[in-house]
Structure formats: C-alpha cells, structure tokens
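Below is one structure, written out as structure tokens, with a few remarks after it.
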Amino acid sequence: RTAPAPGPATGRLRLALASCQHWEHGFYAAHRHLAAEAPDLVAFVGDYIYEGNGKANRVRDHHIPEPRTLAAYRDRYAQYKTDPDLQAAHACAPWIVTWDDHEADNDYANDRSQDLDPAFLARRAAAYRAFLEHQPLRPGVERTDGEFRLYGTHAWGSLASIHVLDDRQYRAWQACPPPGRGGSRTVGADCEERARPGRTMLGDAQERWLDGALRASRSRWNLLAQQTLMANAGRPAPGGRQHWTDGWDGYPWARERLFGSLQESGVANPVVLGGDVHAHYAANLHARPGDAGSPVIAAEFCGTSISSRGLGMKAVNAIREANPPIRFADSSRRGYVLLDLGPDRLEAHLRVVDDARRRDAALSTAASFTVVAGTPGLA
C-alpha cells in the first residue's frame, strides 16, 4: 500500500493515533479494534515498549529484568510483538512511529537519566538501536554522527502532511528536579527555571526544520504527531498553579516558539496529535497558552493509552475544570483516536475499550469532535 501522489487535495485519509502499551498493564484489545477500522495509516507516538517491571496488579509479566543492553532491549520488543492483536494492527496498515521515554528509560531527557546513571548514554544507544531494528523507519534515520533523526514529514497526497517530532533526544533537562535526581515532578511558582528562556523541547535544528516544513507545506491539513499533551494543563494550588515538568507545561518558552511558528508560517489547518498522558483530551490551542481570550490557532487531540494505566479521574477533572480550552478529558479507559480527514473537515473519534484487562474487551466511542477546514480549533 502506498500514499497517493501529490495533486488536488481530494480523497480521504483514515488515520489511527495510538501510544503507550505497557505489556503488564493489560491486553491489546484496542489494537484488535483499531485494525478492524481499516485505517490507511497508524501513527504511534511513543512508549511502544516499557523498560520497567511492575510490582503489583500485573495482568501479564515481562519475562526478563529491566533491559539495559542491546540484547535485552531486543528481547523486550520480541516479547511485545508476540501479541496477536498488535500483529494485526501492524498488518492492517503502514505505521508512522516516533519514540517517547519508555523505549529507553522513564523520564530521561537528552543525555540524562532520572537516576543520573553515568552509563546512561551507552544504555540509550542500545535502546535506540533496538528501536531502529524493530520499527518501520525510513532509511537514513541513523546519522553518521550517532544521532537517530526521527523527525520528518510524511505526505498523504496534497490532502495532509504529517510532521513527526522527537521531544526526547534534544530537550533541555526537566526543570527543578528532585534533589540528587533527574526526571520530572510537579512544581509550583517557586520553580523559576521552568519559564527560563532558551529551555528547548525540540532542539535548535529540529525547531528550524519544523518552521521550514510548515512554511513550505501546501497540504490542506497539517498534523503534528508528537509525544504528549500540548494544551496548558496546570492545576490550581496554594500560591499559584502547579505544572508537570516533563510535558509541554514544563517548557513554556519552547511551546511559545512552536506556537509562533504555527502562526507566522500561515500553515493551513494545523492539528496537534499527542499521547503519553494515558488519557483522551480534546482541546483548543490558543496563541497565548493560559489565555483563553487569545486567538485559537489549532485543535489538539491527545489519545489515551492502548493499555497503560492512567491518572485518576479526580485529577483529570481538576485539570479540565482549571483549563477551559480543554473541551474533553477522560483517563478512565484505554483506547485510541480514529481520525477521518477530507478536504472540508476532520472528524476525530475517541475510541475506548471497556476493560483492558480482558482480551475480548468491547469497543465504544467516548466522544467525537469536528474541525472545519479554514476555521482553527474544534467546531
């Protein structure tokens, strides 16, 4: 199966958005239902494998300890790929993939692990090599300088361009980490480092590439396939709002630069796609995050996990209530997002399975949204 050639922005694209499939947390019934939807493309935006082993409430077990070598990472991929529903999802359509943190180590940032392991770069190199060996990637991903360049644009005729990002390999370290550690945490207004200018999420080269790709695009729709929730998701707390430092809220300067590129490029019909947070979110992205009175510049659909457990609904409801641009939020169920694109509109269906602990879990739709071409944001 191949993509259509460039031409008039006609025809349709059915794209499935998926992420976060912890083997131990559940079965892959969501993949079985995804395959039955007959998508043209699958965009998997991170956490294909999980390096860590759970201690309780496991539905099934990883069969080796946490991987740190190339052989062990290869084994982890081999185990995941024995699942028949994941096999069906791979067989149903071509995949576009990027990674997040668990393909290597939870909450790593660039060259630093959360436990400040001095051997982390060797471990990361093994993880990257295993990803390259086990995922459908274009030639040339591995560069001569040791970089693994996943970011790039995939075109579906003239109907859609899918701009794939990598927010792990090039980012600044998370702000205000726990004492003696790396990684993320929730911080308040006392973390001045979070808003410091120059704290990048994508790195200079990827930022320049994305700005150029947006300016050059002539596609009707422009989808940004990246790892996590981009909408402002800070929560009220004594003394000010709290922000999670691993997501875009932890890198407000970088988010403002990206939003500036979306506006200044004049790119047509941008829609942001994400994963990572194990919850369905549908949101409007405003020119000034946190200012619902500023212009809407894009819609965002962040998909729930295939199997990985989510944050409790009490916390997710607090996020939604504190951030009016978030129109929908649900962390209670696992699933994926199905996107149907045509020249005039994009329809997003937030699919969920009733119980990821069951192989035969039933499918339903938690919510559906429309984006009308020429009008930024959710209809």
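Can you tell me which of H33, H90 is out of contact with any Ser or Thr (no Cβ under 6 Å at 6 or more places or on another chain), part of a helix (DSSP H, G or I), touching a residue at least 60 places away in the same chain (Cβ under 8 Å) and closer than 29 Å to S364 by Cα?
After ruling out the rest, the residue left standing is H33.
Could you grab the pairs with beta carbons closer than 7 Å, sequence gap of 6+ or different chains, first residue in segment 59-75 and modelled with pLDDT of 95 or more, second one β-branched (V, I, T) and assigned to a loop (DSSP other than H, G, I, E, B)?
Every condition considered, the pairs that remain are A72/I64; D75/I64.
Residue by residue through segment 331-343, note down the ones that are in contact with a helix residue (DSSP H, G or I) (Cβ under 7 Å, 6 or more places away or on another chain) and surrounded by 20 or more Cβ atoms within 10 Å (Cβ to Cβ).
S331, R334, G335, Y336
Could you say whether any residue in segment 198-214 is crowded, with 20+ Cβ neighbours inside 10 Å, over 16 Å from L150 (Cα atoms) and at pLDDT 95 or above?
Yes, some residue in segment 198-214 is crowded, with 20+ Cβ neighbours inside 10 Å, over 16 Å from L150 (Cα atoms) and at pLDDT 95 or above.
Restricting attention to segment 305-321, does a residue exist that is in contact (Cβ under 8 Å) with a residue 24 or more places away in the chain, of a type outside the set (A, V, I, L, M) and part of a strand (DSSP E or B)?
no
For segment 284-319, how many residues meet the condition of being crowded, with 21+ Cβ neighbours inside 10 Å and under 28 Å from S261 (Cβ atoms)?
Summing the residues that are crowded, with 21+ Cβ neighbours inside 10 Å and under 28 Å from S261 (Cβ atoms) in segment 284-319 gives 11.
Only residues that are in contact (Cβ under 8 Å) with a residue 60 or more places away in the chain and in contact with a strand residue (DSSP E or B) (Cβ under 6 Å, 6 or more places away or on another chain): list them for segment 287-303, please. Talk me through it step by step, then tell me what you get.
The first filter runs over segment 287-303 and keeps only residues in contact (Cβ under 8 Å) with a residue 60 or more places away in the chain, leaving 295-303.
Once the filter is applied, which keeps residues that are in contact (Cβ under 8 Å) with a residue 60 or more places away in the chain and in contact with a strand residue (DSSP E or B) (Cβ under 6 Å, 6 or more places away or on another chain), segment 287-303 yields V296, I297, A298, A299, E300, F301, C302, G303.
Taking the stated definitions as given, is G11 part of a loop (DSSP other than H, G, I, E, B), under 26 Å from A130 (Cβ atoms) and modelled with pLDDT under 95?
Taking the combined requirement at face value, the residue does not satisfy it.
Considering each residue of segment 259-303, count those that are of a type in the set (A, V, I, L, M, F, W, C), within 11 Å of the chain's Cα centre (by Cα) and either farther than 17 Å from A348 by Cα or at pLDDT below 95 (or both), and give that number.
Summing the residues that are of a type in the set (A, V, I, L, M, F, W, C), within 11 Å of the chain's Cα centre (by Cα) and either farther than 17 Å from A348 by Cα or at pLDDT below 95 (or both) in segment 259-303 gives 1.
If I filter segment 355-373 down to residues being touching a helix residue (DSSP H, G or I) at 6+ places or on another chain (Cβ under 9 Å) and over 15 Å from A16 (Cα atoms), which single residue comes out as surrounded by the most Cβ atoms within 10 Å (Cβ to Cβ)?
Applying the filter and picking the extreme gives A356.
Which ones in segment 111-154 are touching a residue at least 40 places away in the same chain (Cβ under 8 Å), crowded, with 16+ Cβ neighbours inside 10 Å and in a loop (DSSP other than H, G, I, E, B)?
Passing the criteria: S113, Q114, Q135, L137, L150, Y151.
Search segment 155-186 for residues being over 19 Å from D111 (Cβ atoms) and without any contact (Cβ under 8 Å) to a residue 60 or more places away in the chain, and hand back the single one that is surrounded by the fewest Cβ atoms within 10 Å (Cβ to Cβ).
P179
Residues of segment 192-223 being in a loop (DSSP other than H, G, I, E, B), touching a Gly at 6+ places or on another chain (Cβ under 9 Å) and within 30 Å of A237 (Cα to Cα), which ones?
R199, M201
The values are calculated or read from the model by the stated rules, or taken from the named source; none is laboratory data. Keep in mind that this is a model prediction, so the values were computed, not measured. All Cβ positions, even for glycine, are placed from backbone atoms using ideal geometry, and neighbour counts span all protein chains on display.
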